[in-house]
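Comments concern the structure below.
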Amino acid sequence: MSAVLYLLWLILAGVFFAFGYMFMRQAQSPLRTFQVRQRGEGSKAAEVEKAMTEMALEVNNYLDSINSTNRNLNRTAAIASFICGLVAIVSLVIAFYQASLG
């Protein structure tokens with residue numbers, strides 16, 4: 001029975017460390033910014049271009065705030081997952097220690 005317990009703690013530690021790695025990778029990949037393509041020339045095209053540039057600026061500001069929030073949330077989740085992995089390893093060591101005593 002104790003071998004199953006050791007294996008369970010080891011598997012849980014591996015899963016938590018994998019989650020931590022996954023969240024850390026996600027924290028490093030932001031959403032891309034919005035880019036306005038150049039259109040034809042003319043008076044109406046200039047007005048549309050100006051409106052599109054203003055809209056792109058607002059969208060990019062929003063994306064910056066979303067990227068910041070996602071980065072912080074993913075870093076927090078990664079840290080929590082690494083801590084859970086460490087707790088699983090400590091539990092494995094404690095289980096080994098208790099088995100060696102009795």
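Here, each number is a calculation from the coordinates, and none is a lab measurement. These numbers were taken from a predicted model, which means no experiment stands behind them. Heads up, the Cβs are rebuilt from the backbone with ideal geometry, glycines too, and the neighbour counts pull from every protein chain shown.
Are there chymotrypsin sites (Phe, Trp or Tyr not before Pro) in the stretch 19-86 that DSSP puts in a loop and that have at most 14 other Cβ atoms within 10 Å, and which ones?
Numbers: sites: F19, Y21, F23, F34, Y62, F82; in loops: F34.
In loop regions of the stretch 19-86 (DSSP not H, G, I, E or B), the sparsely surrounded chymotrypsin sites (Phe, Trp or Tyr not before Pro) are F34.
Kindly provide the helix-only [θ] at 222 nm of the chain, computed as the sum of -39,500 (n - 2.57) over DSSP H runs of four or more divided by all residues, to the nearest 500 deg cm²/dmol?
For the chain, the value works out to -31000 deg cm²/dmol.
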**Asked** If you place +1 on the Cβ of every Lys and Arg and -1 on the Cβ of every Asp and Glu, how big does the dipole about the Cα centre of the chain come out, in debye to the nearest 20?
**Response** 200 debye
**Request:** Mind sorting out which of (1) 8.1; (2) 7.0; (3) 12.2 is the real mean projected area of the Cα convex hull in nm² computed from the coordinates?
**Result:** (1)
